[in-house]
Amino acid sequence: MAKKTPYDMAVEQLEKCAKIIDLDPNALEILRYPNRVLSVYIPVRMDNGKIKVFKGYRSQHNNALGPYKGGIRYHPDVTIEEVMALSMWMTWKCSVAGIPLGGGKGGIVCNPKEMSVGELERLSRGYFAAISRIVGDKEDIPAPDVNTSGREMAWFMDEYSKYSGYNVPGVVTGKPLDIGGSEGRTEATGRGLWVTVCEAAKKKGISLKNATAAVQGFGNVGLYSALFLSSSGTKIVAVSDSKGGIYNKDGLNVNAVADFKAKTGSVVNFPGAKSITNEELLETACDILIPAALENQINASNADKIKAKLVAEGANGPIAPEADEILFQKGIMVIPDILANAGGVSTSYFEWVQNLQNYYWTLEEVRTKLDALMVKAFNNVYEKANKHKIDMRMGAYACAVDRVVRAMKLRGWI
Ligand code: NAD
């Protein structure tokens, strides 16, 4: 049997949710497919003088709620099915966050680690030129994803502005601050996750002041999740990166670990902590577990060994579907990725709003708005999950699909 593609999995999840909420079959038929997928071939003059053609995609899943939104990744394993699946997941993430945006995603099949900065700039500009007819600050607003950052967003924005004849900062988000980025974007995903953990802790009767947490992946999401949790008094007893993990039952000083990683390249060998493996980190005795690295970390082989009371998915897809069921049976609450890490896209939404107004907010304003949005999103999902007696993941899907379908019906699509 052919291996399931990410798109097959995305459709399966949608179908599972459709059964729970008794979804109108006409809505399901529309939502199964992206509205549009554009394939492009981008000729790039390489540093050796030869032309090389790269393949790229932009998938626009659904725009019932607003313009398409979603990142662009540069990776050798990018496929059209992956980009289509990711665009559908973006539809659900934007919907569950309650923001007026739809779902999109893009990618280029390339290995940026083997390319010079000049080659990457020519590739980025070529890709944006090729998709320029379907993106725009009112149509489709890309953002960074795997192997892209503020640098690529600046090139995209510049390229698009050239065609328009004036600056269009709102055509992409995740830009550097000097050219229309938002305060608070760097910390946003970790902060949003922390807000959902605060809400979940109230429901589960966990006092964050006396709680312990373990964080897998000490990158952007893991670091800020750990920092904000520490600010609530939670002891971060374990953290890890791709080289391994560290543990201290009395709690780690997160800022000191971050400095150590910046100097040495890893958290491993941090003074005063015991070395552990990434597998051991996941099974650590703690109240809160935050997988914030890769997909498929908690699966049928280790779900039974998870000791945390609460798992908040910082990464996309760190819990395999078969593990969801095991955790649910064990009474462990999972805050699913489309909710737990939605602080990133929500602050991208704030960046876009600021660009359209050409008026910029302070960090405090961004934080206040983000916190309110995440609290509301969490409680909507929690109520939905309780109402249907389903886990939080399906609760989040149910909220997300409901909202998109209401918009589709109002607009007369069904
Ligand atoms: P990052 O590159 O900043 O950090 C990733 C971290 O994971 C690094 O510390 C890396 O060493 C570690 N890691 C890699 N392989 C590992 C392994 N096998 N075991 C343990 N740790 C490992 O990336 P990020 O931006 O923090 O993103 C992490 C995850 O969160 C990804 O799934 C990403 O899609 C998701 N996400 C990120 C954002 C965002 O705003 N950055 C938003 C939503 C979702």
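The values are calculated or read from the model by the stated rules, or taken from the named source; none is laboratory data. Computed from a prediction, not measured in an experiment: that's the story for all the values here. Note: ideal-geometry Cβ built from the backbone for every residue, glycine included; neighbour counts use all protein chains shown. Areas reflect the complete protein model, heavy atoms only, side chains present, ligands, DNA and RNA absent. Shrake-Rupley method; radii C 1.70, N 1.55, O 1.52, S 1.80 Å.
Structural remarks
- Count of residues meeting criterion [aliphatic (A, V, I, L, M) and within 29 Å of Glu364 (Cβ to Cβ)] in the stretch 125-184: 10
- Taken over the stretch 97-109, the criterion of being within 20 Å of Met153 (Cβ to Cβ), assigned to a loop (DSSP other than H, G, I, E, B) and open to solvent by 10 Å² or more (accessible area, probe 1.4 Å) is satisfied by no residue.
Every residue, every condition in (1) open to solvent by less than 50 Å² (accessible area, probe 1.4 Å); (2) in contact (Cβ under 8 Å) with a residue 24 or more places away in the chain; (3) under 24 Å from the mean Cα position of the chain (by Cα), yes or no:
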site: Leu193; (1), (2), (3): yes, yes, yes
site: Asn210; (1), (2), (3): no, no, no
site: Leu223; (1), (2), (3): yes, yes, yes
site: Val237; (1), (2), (3): yes, yes, no
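- Just one of the listed residues (Asp158, Asp250) is assigned to a loop (DSSP other than H, G, I, E, B), open to solvent by 40 Å² or more (accessible area, probe 1.4 Å) and more than 21 Å from Gly343 (Cβ to Cβ), and it is Asp250.
- Pair list, Cβ under 6 Å, 6 or more apart: the stretch 42-65 residue without any contact (Cβ under 8 Å) to a residue 12 or more places away in the chain, other residue part of a loop (DSSP other than H, G, I, E, B) and of a type outside the set (Ser, Thr, Tyr): Lys52/Met46
- For the condition surrounded by 13 or more Cβ atoms within 10 Å (Cβ to Cβ), at negative phi and more than 9 Å from the ligand (Cβ to nearest atom), Ser230 qualifies.
- Restricting attention to the stretch 299-314 and to residues that are within 16 Å of Met392 (Cα to Cα) and under 21 Å from the mean Cα position of the chain (by Cα), the residue that is surrounded by the fewest Cβ atoms within 10 Å (Cβ to Cβ) turns out to be Leu310.
- Looking at the stretch 305-379, the helices (runs of 4 or more DSSP H) lying wholly inside it that each contain 1 or more residues that are away from the ligand (no atom under 16 Å from the Cβ) sit at 321-329, 343-357.
- Selection status of Tyr359, within 30 Å of Asn167 (Cβ to Cβ) and buried (at least 21 other Cβ atoms within 10 Å of the Cβ): no
- Test: residue in the stretch 269-289 that is open to solvent by 40 Å² or more (accessible area, probe 1.4 Å), of a type in the set (Phe, Trp, Tyr) and within 16 Å of the ligand (Cβ to nearest atom): no
- Every residue from the stretch 154-177 that is closer than 16 Å to Phe350 by Cα and either of a type outside the set (S, T, N, Q) or more than 16 Å from the ligand (Cβ to nearest atom) (or both): Val168, Pro169, Gly170, Val171, Val172, Gly174, Lys175, Pro176, Leu177
- Qualifying residue in the stretch 386-398 (condition: more than 18 Å from the chain's Cα centre (by Cα) and over 29 Å from Asp324 (Cα atoms)): no
- Among the residues of the stretch 24-63, those that are of a type in the set (Val, Ile, Thr) and open to solvent by less than 60 Å² (accessible area, probe 1.4 Å) comprise Ile30, Val37, Val40, Ile42, Val44.
- Enumeration of residues in the stretch 233-266 that are modelled with pLDDT of 95 or more and within 10 Å of the ligand (Cβ to nearest atom): Val239, Ser240, Asp241, Lys243, Gly244, Gly245, Lys261, Gly265, Ser266
- Residue among Asn299, Asn278, Asn269 that alone is at pLDDT below 95, polar (S, T, N, Q) and assigned by TED's automatic domain parsing to the domain that holds Lys203: Asn299
- Condition check for Ile134: buried (at least 24 other Cβ atoms within 10 Å of the Cβ), β-branched (Val, Ile, Thr), touching a strand residue (DSSP E or B) at 6+ places or on another chain (Cβ under 7 Å) and farther than 26 Å from Ala258 by Cα: no
- On inspection, Gly233 qualifies as farther than 16 Å from Leu282 by Cα, in a loop (DSSP other than H, G, I, E, B), in the same structural domain as Val268 (by TED's automatic domain parsing) and not hydroxyl-bearing (Ser, Thr, Tyr).
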